[in-house]
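Okay, structure first, notes after.
Just so it is clear, none of the values below were taken in a lab; they were calculated from the coordinates. Quantities reported herein were computed from a predicted structural model and do not represent experimental measurements. Virtual Cβ from ideal backbone geometry, glycine too; neighbours counted across all protein chains shown.
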Amino acid sequence: MDSAVLAAALTVIRGTILILMGAHAAAAGDPMVGKASAPLCAGCHGHRGEGKVVGPEAIPSIARQHEAYLVRSMRMYKTGERKEKVMNEIFGRLSDEEIAGLAAYYAGMKQRL
Ligand code: HEC
């Protein structure tokens, strides 16, 4: 195969992969759904998910964390497998769709602060 044909074929394959990844990301969680719930989190995690440490209070940064890890952590709070009073209470009330949306929203933050 000559190199021009090969290059064209690779471009098509790469484009297909990106489209599939985009479709997967959309199915995984809608950041706009997450954004709607984010005010619930901002008081503690900050408006950009940056977290904070105030005296003995240590609130983790969640911005730009891996999406799958965020979903997993939030689900563990929801089921009570991971215990933290406030997180258990908040996630107990949020749906799977809201959790997936929040994960997409915070994972997609432009900058980890
Ligand atoms: C009252 C303060 C408070 C609020 C409100 C709050 N969080 Fe948290 N969050 C914490 C604290 C404290 C921890 C660390 C708990 C622990 O040690 O497990 C935490 C942990 C987390 C973690 C796990 C982080 C990690 O690195 O494992 C995630 C994800 C998270 N919060 C997301 C959220 C989201 C999304 C919201 C809004 C729906 C929210 N939190 C609202 C205080 C808060």
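A few remarks follow.
- Amide H contacts under 5 Å for Asp30, placed H, 5+ residues apart: Gly101
- On the beta carbon distance between Ala28 and Ala4, with R0 = 30 Å, the FRET formula returns roughly 0.25.
- The trypsin sites (Lys or Arg not before Pro) of region 29-113 that meet both conditions, a loop assignment by DSSP and at most 16 other Cβ atoms within 10 Å of the site Cβ, are Arg82, Lys83, Lys110, Arg112.
- The Rg/Rh ratio of region 30-107, with both radii computed over alpha carbons and Rh defined as the Kirkwood radius, is 0.94.
- Couplings 3J(HN,Hα) for region 66-74, derived from phi with the Karplus relation 6.51 cos²θ - 1.76 cosθ + 1.60 (θ = phi - 60°), are 4, 4, 5, 5, 4, 4, 4, 4, 5 Hz, where x marks Gly and Pro.
- Mean separation of Cα pairs under 8 Å and 6 or more residues apart, divided by the residue count, gives region 30-107 a relative contact order of 42 percent.
- Take the Cα of Cys44, go 7 Å toward its beta carbon, and the backbone nitrogen atoms of region 69-88 under 14 Å from that spot belong to 73-80, 82-88.
- Candidate lysines - alpha carbon under 22 Å from Lys110, same-chain residues fewer than 8 apart omitted: Lys35, Lys52
- Label-to-label distance, nm, for residues given as Lys52 and Val86 (7 Å Cα→Cβ offset): 1.0 nm
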